[in-house]
Amino acid sequence: MALRFIAKDPNTDGANCPTAWVDEETHELVFQGRTADEHTLTECLVAGPVPAYESVVRLPLSMVAAIREACDVAERAAVR
């Protein structure tokens, strides 16, 4: 797996904070964020189950630019 670092949350101290990467082999987005609380998970389960190998995470609005960049990087890599 070749992860390309995109950005950390600009509103944090740079340690243990939401982060975005792109897996350059699979063209998937990879995110680090706060684990969703039980209330959030319960609301998400309305749409369907969350398998044991998946997680629901929360990312702050300040990560939108990084998420957009990660999407652009993944799309460009997939077109090659």
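Rule-based calculations on the coordinates, nothing more; no lab input. Only a predicted model underlies this, so the values are computations on that prediction, with no experimental measurement involved. Virtual Cβ from ideal backbone geometry, glycine too; neighbours counted across all protein chains shown.
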field: At R0 = 22 Å, FRET efficiency that the Cβ-Cβ distance of LEU41 and VAL79 yields, to 0.05
entry: 0.05
message: What three numbers, in Å, describe the spread of the alpha carbons of the chain along their principal axes, ordered from the longest?
response: 39, 30, 19
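Please report the relative contact order for the chain, taking Cα pairs under 8 Å with a sequence separation of at least 6, and give it as a percent rounded to a whole number.
On the way: 103 pairs, mean separation 26.9, N = 80.
Relative contact order for the chain comes out at 34 percent.
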